[in-house]
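Undergrad: There's a structure below that I have some questions on.
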Amino acid sequence: MKRSWTTISLIVGLAGLLVLLGGLQHGWLSQINASENEKAHKRAQEQADRFAMDFNREIQNAYFNFQIDAETWRNKDWSAFNERFDFWKEKTAYPGLISEFYFFEAKPETAPLVFDRGSRSFITTDLTPPLEAIREFSFDEKIFKPVEENSLSLILPIYDAERKLENIIIRRTATEKMPPIPVPPKFGFLVIKLDPAIIKDELLRDLIAKYYPDDEFRVSITDKQNGVIFQTPLGGERDATAPLLDLSPENFIFYGNKDLMKSVEGEKRQAVVLNSRVESLTLDHTAGNDENGTVKIEIKKDLSPRTSVFTATGKTSARGESPWTLGIQHSSGSLDAFMASTLRRNLAIGFGILFLLAAAIAAIIISAQRAKMLARRQIEFVSSVSHEFRTPLAVIYSAGENLADGVAKEDQQVSRYGDLIKGEGKKLSSMVEQILEFAGANAGRRRFNFSVTSVNEVVDNAMDECRPLINEKNMAVVINIPTSLPLISVDKAALSQAIQNLVVNSIKYSDGGGWLRVSAENGGGKVKISVEDHGIGISKSDLSRIFEPFYRANEVVDAQIHGNGLGLSLVKQIAEAHGGRVFASSQVGKGSTFTIELPQN
Ligand code: ADP
């Protein structure tokens, strides 16, 4: 009792520990997953930002490179322009990025100019409807932006400044109302028309190969109306977005002139040197004088020796306001979905391992219990076998003693003692035989010799063997074997042994019933041999276990009916070796029926 409590509390304790571990694992994995999810989103955003930065830098370089003062345009001296164009072509990885240059003078009546690559000069051209649309867009102060999306053109205002100035843009937070910007009059607009094919087929493809070489993320580029510019549209939430074609002040910081940066010292280091041209003001102007803008740009002209100062405010470019938007989405639908599936997988693996652990513990406990039970049964077996041996040995001993002492002198007496010794010796040897058979079968040493025979022959043989016991106990035996039964292929000796075991049990557990029947029938390709008695019967709980080796019902042990618990397990082994089975039905106090079912020959 004490032991079973220890086992139960051990099992409960282990189960509790497993549940606790499961709970901890769930909590821990969820926590890790949440922080991984956050990191993954951050990484995706950073990568999208870097992608956009590279893209925008290419566009911005094309834009700022062509800031040429009004004098050039007024004097039609194209050498400065050509010098800049050559410089840009030399530096850029995409010389085909710019397809055309147009120039509109601020006076509406002058004809537009187009850059002629052959003569390396601007020549007048017709004001075609697309050009007119660009011109209108450029001249409209209200809607002006540095990018005209429809024609994919960059529009660079040329200010009519008197002298070249060096500008520095410093980011500041708005604190007070800024004075209006003294914007110089515009001399005209340079239109830098970009080639969409080069952007899509070269620039974007290169950047995708650089930032998204594997298929982990899907990339798409959309315009403001969510129209697809590049690649398949992404359904659902995008994991990260970044502005493209962005020429807002916010982004200028990224491509400041590094050489000039070095020359700026101390606190001025925060300053980002854009260019040495007053044209930078276009940006302030495009952003408008919006007092609510979060970025204020102070433009200092020529830090030393002159210190004239321009101040302007500009709006940060809110995401989605840029002409194009880069959208990134994880290939499994979204990063959240991916992380959720990762969590599910990790939890499944974790719980799987815990389940395995639980199963292993359960298996260990069960096999330990089995081992304990077997050990107990074997001890019981040894004591019951010794007990079984004791009676015949005592009979043999005393019969032998009487013979030696000359107690039995008459021939009749001597022959009775002889029969007694023979009978007890036979009992002993059959017991030893049974034990050896069991041991041999368990060690897989038992060999069966199959031959075709009739059920009658085997049953007759078994009954002959049991005859002395039947006579001794005065049993009424009914044999009911139809002659029409088909032949069977069996090991005759083994099957006879099995039937004997059943018959002997019927006699042993007859409880004075004095009746047994051996019958046989066939059907469904099977032959069934049954041994039925009107004995003590077997309880339901015992019935499921009597075929286990060494198992004996408590009642028979208490009633001191001799036995070793091996007989039925041998019957089971024999039946199974013949491709059949054995089963029993019984009612306590009424009797039992044991049936060996064998396949027909
Ligand atoms: P043994 O007879 O040596 O105990 P068995 O393996 O032949 O071993 O039988 C196992 C147990 O099954 C018996 O101890 C007994 O409790 C029960 N049993 C077997 N045959 C009968 C029967 N005909 N009637 C009642 N109980 C039986």
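Undergrad: So if I take the centroid of the Cα atoms in segment 502-570 and the same for segment 472-488, what is the distance between those two points in Å?
TA: Segment 502-570 and segment 472-488 have Cα centres spaced 17 Å from each other.
Undergrad: Next up: Using the Karplus curve 6.51 cos²θ - 1.76 cosθ + 1.60 with θ = phi - 60°, work out ³J(HN,Hα) for each residue of segment 64-77 in order, rounded to whole Hz, and write x for Gly and Pro.
TA: For segment 64-77, the Karplus-derived couplings read 6, 4, 9, 6, 10, 6, 4, 4, 4, 6, 5, 8, 6, 9 Hz, x marking Gly and Pro.
Undergrad: So, one more: Considering only C-alpha atoms, what is the centroid distance from segment 575-593 to segment 79-108, in Å?
TA: 103 Å
Undergrad: What are the residues whose amide H is under 5 Å from the amide H of ASP160, where those residues sit 5 or more places off or on another chain and H is modelled from the backbone?
TA: Residues meeting the amide H criterion: LYS186, PHE187.
Undergrad: Another question about this same structure. Exposure proxy check: ILE143, ILE538 ranked by fewest other beta carbons within 10 Å? Display every interim value, and only then the final one.
TA: Working: ILE143 11, ILE538 23.
Placing the least packed residue first, the sequence is ILE143, ILE538.
Undergrad: What does the charge add up to near GLY425, with Lys and Arg as +1, Asp and Glu as -1, over the other residues with Cβ less than 13 Å from its Cβ? All intermediate terms of the calculation are to be shown ahead of the outcome.
TA: On the way: positive: LYS422, LYS426, LYS427; negative: ASP419, GLU424, GLU433.
Here the count lands on 0.
Undergrad: Continuing with this model, one more query. Please give me the summed charge of the neighbours of VAL191: other residues whose Cβ is under 10 Å from its Cβ, Lys and Arg +1, Asp and Glu -1.
TA: 0
Undergrad: Return the loop-located trypsin sites (Lys or Arg not before Pro) in segment 99-141 (DSSP other than H, G, I, E, B) with at most 12 other Cβ atoms within 10 Å of their own Cβ; answer none if there are none.
TA: Values: sites: ARG117, ARG120, ARG135; in loops: ARG117, ARG120.
Passing sites in segment 99-141 are ARG117.
Undergrad: Which loop trypsin sites (Lys or Arg not before Pro) in segment 376-412, with loop taken from DSSP, have no more than 12 other Cβ atoms within 10 angstrom of their Cβ? Could you put the intermediate results ahead of the total?
TA: Numbers: sites: ARG376, ARG377, ARG390, LYS409; in loops: LYS409.
Hits after loop and neighbour filter: LYS409.
Undergrad: Output ³J(HN,Hα) for segment 16-29: one whole-Hz value per residue in order, computed from phi by the Karplus curve 6.51 cos²θ - 1.76 cosθ + 1.60 with θ = phi - 60°, and x for Gly and Pro.
TA: Karplus values, whole Hz, x for Gly and Pro: x, 4, 5, 4, 4, 4, x, x, 4, 4, 4, x, 5, 5.
Undergrad: Debye calculation, C-alpha points only, no solvent: report log10 I(q)/I(0) for segment 447-601 at q = 0.10, 0.18 Å⁻¹, in the same order as the q values.
TA: The Debye formula, applied to the Cα set alone, gives -0.32, -1.08.
Undergrad: In whole Hz, what ³J(HN,Hα) sequence does segment 431-436 give by Karplus (6.51, -1.76, 1.60; θ = phi - 60°), x for Gly and Pro?
TA: Whole-Hz 3J(HN,Hα) from phi for segment 431-436: 5, 4, 4, 4, 5, 5.
Undergrad: List every residue whose amide H lies under 5 Å from the amide H of ILE479, counting only residues 5 or more places away in sequence or on a different chain, with H placed 1.01 Å from N in the peptide plane.
TA: It is VAL518, by chain and number.
Undergrad: Shifting gears a bit: Where does each of MET463, MET339 land when they are ranked from fewest to most other beta-carbon atoms within 10 angstrom? Working shown, then result.
TA: Values: MET463 17, MET339 20.
The fewest-first ordering by Cβ neighbours comes to MET463, MET339.
Undergrad: OK, next. Please list, ordered by chain and number, the residues whose modelled amide H lies under 5 Å from the amide H of ASP69; skip anything fewer than 5 residues away on the same chain.
TA: Here nothing satisfies the definition.
Undergrad: For the pairs LYS372/LYS528; LYS409/LYS508; LYS89/LYS186; LYS427/LYS540; LYS372/LYS590; LYS42/LYS89, note any where the Cα-Cα span goes beyond 29 Å. Could you put the intermediate results ahead of the total?
TA: Working: LYS372/LYS528 36 Å; LYS409/LYS508 35 Å; LYS89/LYS186 27 Å; LYS427/LYS540 31 Å; LYS372/LYS590 34 Å; LYS42/LYS89 36 Å.
Among LYS372/LYS528; LYS409/LYS508; LYS89/LYS186; LYS427/LYS540; LYS372/LYS590; LYS42/LYS89, the Cα-Cα distance tops 29 Å for LYS372/LYS528; LYS409/LYS508; LYS427/LYS540; LYS372/LYS590; LYS42/LYS89.
Undergrad: Within 10 Å of each candidate Cβ there may be at most 10 other Cβ atoms; applying that plus a DSSP loop requirement, which trypsin sites (Lys or Arg not before Pro) in segment 1-85 survive?
TA: Details: sites: LYS2, ARG3, LYS39, LYS42, ARG43, ARG50, ARG57, ARG74, LYS76, ARG84; in loops: LYS76.
Taking segment 1-85 and a limit of 10 other Cβ atoms within 10 Å, the loop trypsin sites (Lys or Arg not before Pro) found are LYS76.
Undergrad: May I pose another question? Over all distinct Cα pairs, what is the inverse of the mean 1/r for segment 317-473, reported as the Kirkwood hydrodynamic radius in Å?
TA: On the way: mean 1/r = 0.0410 Å⁻¹.
Radius from the Kirkwood sum: 24.4 Å.
Undergrad: Which of TRP28, TRP78 comes first, and how do the rest follow, when ranked by fewest Cβ neighbours within 10 Å?
TA: Numbers: TRP28 11, TRP78 18.
Taking fewest neighbouring Cβ atoms as first place, the list is TRP28, TRP78.
Quick note: the coordinates plus some simple rules give every number you see, no bench work behind them. No experiment lies behind these values; they were computed from the predicted model shown. FYI the Cβ positions are ideal-geometry reconstructions off the backbone, even for glycines, and counts take in every protein chain you see.
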